[in-house]
Structure formats: structure tokens, C-alpha cells
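Just so it is clear, none of the values below were taken in a lab; they were calculated from the coordinates. Remember, predicted model here, so these are calculated numbers, not experimental data. Neighbour counts are summed over all protein chains in view; Cβ atoms, including those assigned to glycine, are modelled from backbone coordinates with ideal geometry.
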Amino acid sequence: MNTEPPTGDDLQRMLVTMKQSVLDRAEDRKPAPRRRGRRTGIAIGVIALLGLGATSGGVALGMIPQPFAAAPAPTSTPSPTEPAAPSTPAAAPVEETPDPAPTPSATPSVTPTKGAFALDDPSTWIISGNEVGPVALGGTTEAESDDLEQAYRLVPATPSSCTAPGTWARDGSPTLRITDDDDRVTGVLIGAEGDRPRTTTAGPTTPAGIGVGSSSDALHAAYPSLQEKVSTASGAWSRWDLELPDGLVSFQLDNDGAHVDSVWVSSDKNLPTSVCDL
């Protein structure tokens, strides 16, 4: 014999059957019209019974132990996902940075224009701070003077002509005077005393083309850093010194100050004394 209380559909069917049985009995016991109040009471009782039955069924359902408990539904653990990479706008404008414009370098005022010189052509000889063509300061007087024979002739030193020892002459070119001390060359004077004033350059020049006969304007344009040194008390003519990395070069202007009269290459800032002044 099954002693377990009805559950589920069985309980619902039992409640419906009970409701139907109560209604049938109420119909069979239908009272006379004069007993209207009793019928109302019976109806109220049936409704109360039905409510009680529904409530009892709900209570029964809650109190009746279930034979099996459903296992909790498995919960899914979200799989780790890689962090989204930051998006880059596909249409982002590309800006090109222009290369900085090169800073123009200062153009040197003196640009060497002369190449290798020829021993027999003094116009190709270069004047620097320690050399004039093949003649180098510090060398022995004989060794440095030998090369001059291909372009110049040695002028005899005579007091009557105011010619100093070591003077070399060439037609059409300024003279050269080699000064020495203990048989070592100490200086070279281009345009020695006795030379006529020149307005054209026909002898050795600096890399910028400045030599005896060059104009004063060309001299100052080529060498803006010239230092003025007045050589006479009256200021009849002037002298301008140029300090080069390899030595000193001095330019002496003629009496009108318009052209270079002589060029002195030596570590000694004083020009050699004229023979006629001795």
C-alpha cells in the first residue's frame, strides 16, 4: 500500500476531484428558495475549502521531501581573452618633417688660386708667411739662393748704387732681397729699394693674387684683417701687417697710397734698413 502523499499532477487531479465532488453535493442539496441564506453560506464554505485545499497542496509540496535534489547547473568560467590592441586610425595623416636647411658657411675672403710654381717664372711663385717661391725662411743662404739663378741674376753690392747684398733682379719684375743671419735666411723683401713704382703685378703674389703693383683696394678686399703700421713720422706712406698661421707678411704702399710698393716676409716686423740710409 502506497503511503506517500500525492505530488505533482496527482495532487492537482485530487484537488479537482474534491472540488467536483463538493459541487455535486451542493447541487443535490439545493435548498428551497426560502433558505437562500443557507446556500450562500454553503458557497462561501466551498470557496474557503477550495482555498484551503490549494493552500494545503502548496504547503504539502513545500513540506514533502524530494527524493532527489537536482545538481546545480554548471557555471561556465569565461576563458581569458587577450587585451584588445589599441586601434590606430587608418586614415591618420602622415606628417613629414623636412630636413633642416644647412647653415651657409662663411665664404673665406682669401681663396688660393695658384698652383705649383715654375722656377723660371716668378709670377707663379707663392708668397706665404715663411716662403717666397723656392726660398724658405730658416734655410741656409746658399741653398735657398741657388734656385733663384733660373729666374734672377745677382746684383753686385756697391755703395754707389745703394744695392744691398743678396739683391736679385729680373727685367720686368720687382727685385728680391734675401736677408740672412749666421748664414740662415731670415727674410725676403720683394720690391727692394731702387725699384720703380709699379701699377701691375708681375712677380710673386699671395694665394689671393696680391703682390707688388696690386691696388690698395684689392689688398684690403682680400685681407680685411690687416693691421696698419705707419713707417714714417710724416705718414707719407703706410705699411699694413697680415698675421698668417705660418708667419707675418707686411705690405708697404707707395707714396700716393694707391698701390703696393713692396712685400716683406719675415718674423721680424721691421723692414731691413736701406743701404742708402746707412
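Between amide H atoms placed 1.01 Å from N, distances below 5 Å from Thr163 occur with Thr158, all of them 5 or more places distant or on a separate chain. Ranking of Leu176, Leu219, Leu23 by neighbouring Cβ atoms within 10 Å, starting from the fewest: Leu23, Leu219, Leu176.
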